[in-house]
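Novice: First the structure, then my questions, so here it is.
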């Protein structure tokens, strides 16, 4: 599912340097993403309290000067835990989405160019894999192998390879039907050349947008698994695990429950906003 | 005569990607009298359809009527409210679209759509409307007028749909009908029947019309007056006779000049001993799984034999579905022939491109119809041209760069174009780059598959002239595949006529002027001429028409 | 129904069956081949090697895996889902009542969300570019972008903690009156409705907009047709296939949704059962639940495809 079709024309306060138009909504999205990326990299340097240390006398403490986002079920500083949690959520998702999209796109292009039985077998198999609901797949694998960060990364990428494959294959099949591919074929070019030089440059834009959407899916699935206690295991905690361990604070309306959720939402919504408002090259040819 | 339509100083603006507004119609004014048919003529992007749609108060998404007035039967379509406009549409002004196939709702029967106007505007009872529709079907000489309405759009042919869409437009007894390139998508032999049907019902009802087209010869048959447009501005207007015989504006003259027959001067090599460059023997090609006899299920080309001599050109002509493009693909090895031999320069080639040597591939190049899809949009002109140079000739970067300049000179493109992407070029420029890429291989034979069909007439003429020049300079041979007889006549020494996958006749225009085979005669006589009396005077054997036209 | 439609439908069904075989293969091997020895896990580390060996024999664990797979499949086909490791009860008995509970939850959610989502999706497409359309778009992006548990926790915070209208937890066994029923179902249904409606609205809107951009819709406009007529006579009949597809696909999100929702609201459904089974590594139970979920998903997708084929006027 590509997330196009959103009309955010209201935000036409735009930068037009370099012949690109980038609207304000997209820029806000990009800056939030960059913020979280920086947090993920430099978290140990900026956290106000050590993550494992009980610093508040109260548990499920409210927001205060000392504890900006309150404290958790043991009285640990929530802000520090969320900043550290960014490492797991962003890091694992990024690794998984990279593996998923890379494999999916490469397989998709090969299937499109090669066609024939290879295409049929690959498509049928990956479609079947796709008809296992993602959370279920996660549950089954965790039940079988247990949860560790490498297992999580691999599982998440396997779950999203079929989608990436399908998307890239559909694009590549369209490009493959173009006459310039036929021209290259009867010039005597190899399959590798066709994929690398003729097809890839034409699908790289949509593929990157798809990578963003898949990143969102992966963040959500990882958070969901962690929330169920099947994702990142203690003592480490990603944002989903933070919600799980503090869910007892829900009846008190403790900030510890909602704050990690807001962190997830801020990241995923920003990615969606950025994708819907990517910089557009200005193509103004007055005909 | 009273004027039915008066367009005054019409301006339409469009919003571009970056939100900038540009005027695409700039101050156009003309009138249409009751019962008069006015043609709007111009190349793509001239604004002819945009103007025609303003007569219904309609502007396509992204466009807006920004000034002037469009008066139809005393109402200004620009200032009417959307509700009032809806009342006029279908009753006073109606529309016949370019592609009837796309304009019919696939989910409803033809009859329901033809009489929909009478339902919307409550013009008559449903039974009356059906009876009237059947009368119209008959008047438009549609087959099985009683029952054709109960079919779905995908169950009838393109030519029939086009006439059915005219019935749809005429059901509400309009004062004005807009025809938007209604025959462009049709084959010439089909076009005649459709044009005749349009002309007779318009005459019979005394209905005024606007006929949008890029084809002067078609327009000459049906229009009383012609308005010549270019870039959203009017160039010239006058009666059909005035425009055809005494055009004043240089652009109109250019359009007319594109029609002048330019038969190929007697082939330079006529008296030398002909040496065959390419011979095709008994070639069969098609699609679908192979049958027991080793032939494909659907055979698009059946047992075709032909020959191309060095330095001479062969034209292959026929209507859509005759197998001419499949033949080209079989020759090039894109679609391997099931049976038959392709002998090129004395050696037999493998049926598939994969079985041919790099040198063999280099010597025979193919140029496709749509430069838009034949050029990789992600690459610059430079990169597109450099690849065959590196691939076939192993040139280094410096040699490539020098050669690219030469190639651009050859196809008459400015050298600084090399850094641009295909999307930044015009249609004619793209086709030249497309051709330059074939030249880069330094071939002996170039297969040209409908290379001028997507171009405007003036641009196409220039491309043909270029091809002729290059042939003189480089000693190439062309196989020229087209549905357009005038193009083929302009450049080819031999013409092969194809029908239903078979070669029906081979003609050498330098020796024989008129074709012998009945289908060739039908095809040749169906090409519209600039003479306004051509259609009325044209007599075709109805038996022949029935035998060869899939209307 | 003509032959072409029939053959398309049959081939779609065949694909579904093939897919199911591949899926069952994947589920079986993922659960039985990867991990350590089941017998050891069941008996604990302290068990004697002889006891483990005996159990392996009894459970056919010593046979080649392909036989075990076939045995399992044949069992499934005969309705024998195996015996739970954790409490020695037949899996079918464990699943039975729970399955009905989940179906009820899904049914009630579909009953609410489908009409709401279709109305919002179609009207947003009709009023494309309006403030209303933009509001719907922003809302759906927002809902799609957040995890299900956030919607659930927010619902609890708003309706149970601050407004105190509804209980935070569901106990489907203690239904005594209609109001009880409403109160129990309310929170899970609200959450699930949000989760799947957002997808459905987006896809419906996109499908309708696509048909609104076709030449035959422009033609209807140029015939003088009113807006409702254009939408209901020309756009919707052609958007039906894609819309049904969107509904089926979105309903398949229910499967992911219920896993979270049943856990969070402690709803005694099959998804909760499965999450608990994962915690105890109760493989037969996990396998059966997984197969039920996959079957449900395939059923939805296949139905969507078949309806799309049947509603295509070009195949009539």
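Novice: What residues of region A:60-76 lie in the reach of a label at residue A:54, counting those whose backbone N is under 17 Å from a point 7 Å from the Cα along Cα→Cβ?
Specialist: A:60-62, A:71-76
Novice: Using only Cα atoms, find the angle between the long axis of helix C:283-310 and the longest principal axis of chain C, and express it within 0 to 90 degrees, rounded to the nearest 10.
Specialist: 20
Novice: Given Cα pairs under 8 Å that are at least 6 residues apart, what percent is the relative contact order of region B:266-512? Intermediate results must be reported in sequence, preceding the final value.
Specialist: Details: 482 pairs, mean separation 65.1, N = 247.
26 percent.
Novice: In terms of the Cα gyration tensor, with a ≥ b ≥ c the square roots of its eigenvalues, is chain A rounded because a/c is under 1.5, prolate because a/b exceeds b/c, or oblate?
Specialist: Oblate.
Novice: Where in region C:281-311 does the label zone of residue A:233 land, with the point 7 angstrom along Cα→C-beta and an amide N cut-off under 19 Å?
Specialist: C:281-283
Novice: Next question, about the same structure. Can you tell me what share of the DSSP beta bridges in chain B is antiparallel? A percent to the nearest 5 is fine.
Specialist: 55
Novice: Please report the antiparallel percentage of the DSSP beta bridges confined to region B:266-512, to the nearest 5.
Specialist: 55
Novice: Continuing with this model, one more query. If you count the DSSP beta bridges with both ends in the protein assembly as shown, what percent of them are antiparallel, to the nearest 5?
Specialist: Roughly 60 percent of the DSSP beta bridges within the protein assembly as shown come out antiparallel.
Novice: Please work out the Cα center distance from region C:84-127 to region B:299-328, rounded to the nearest Å.
Specialist: 61
Novice: Could you calculate the contour length gain from residue C:4 to residue C:87, that is, 0.36 nm times the residue separation minus the distance between their Cα atoms, to one decimal place in nm?
Specialist: 24.7 nm
Novice: Compute the helix-to-body angle for A:78-114: its Cα long axis versus the longest principal axis of chain A, expressed 0 to 90° and rounded to tens.
Specialist: 20
Novice: At a Förster distance of 51 Å, what's the computed FRET efficiency of residue B:393 paired with residue B:184, Cβ-Cβ distance as r, to 0.05?
Specialist: Details: r = 41 Å, r/R0 = 0.81.
Efficiency at R0 = 51 Å is approximately 0.80.
Novice: Based only on other Cβ atoms within 10 Å, what is the fewest-to-most ordering of C:267, B:152?
Specialist: So the ranking, lowest neighbour count to highest, is B:152, C:267.
Novice: Per-residue Cβ counts within 10 Å, from other chains only, averaged over B:27-40: what number is that?
Specialist: Per residue, the average neighbour count from other chains is 0.
Novice: What full-extension length gain, to one decimal in nm, is calculated for residue B:405 and residue B:9 as 0.36 nm per residue of separation minus the Cα-Cα distance?
Specialist: Gain in length upon complete extension: 138.0 nm.
Novice: If I take R0 = 56 Å and measure r between the Cβ atoms of residue C:314 and residue A:98 in this structure, what FRET efficiency does the formula 1/(1 + (r/R0)^6) give, to the nearest 0.05?
Specialist: 0.85
Novice: For a test of the definition: using alpha carbon positions, the gyration tensor, and the 1.5 limit on a/c, classify region B:66-129 as rounded, prolate or oblate.
Specialist: Oblate, since a/c reaches 1.5 and b/c is not below a/b.
Novice: Then there's this: What FRET efficiency would be calculated for the residue pair residue B:204, residue B:544, taking the C-beta separation as r and a Förster radius of 30 Å, to the nearest 0.05?
Specialist: That gives a FRET efficiency of 0.65.
Novice: Quick one: B:412, A:244, fewest Cβ neighbours within 10 Å first, how do they rank?
Specialist: Details: B:412 15, A:244 25.
Lowest to highest Cβ neighbour count: B:412, A:244.
Novice: Averaged across the residues of B:370-378, what count of C-beta atoms belonging to other chains lies within 10 Å of each residue's C-beta?
Specialist: Mean partner shielding for this stretch: 6.
Novice: Hey, another quick one. For the Cα atoms of chain B, what angle does the longest principal axis make with the long axis of helix B:397-410, in degrees from 0 to 90, nearest 10?
Specialist: 50
None of the figures in this text is laboratory data; all of them are computed from the coordinates on show. Just so it is clear, the structure is predicted and the values come from calculations on it, not from any experiment. Because the Cβ atoms are built from the backbone with ideal geometry, glycine has one as well, and the counts that use them run over all protein chains shown.
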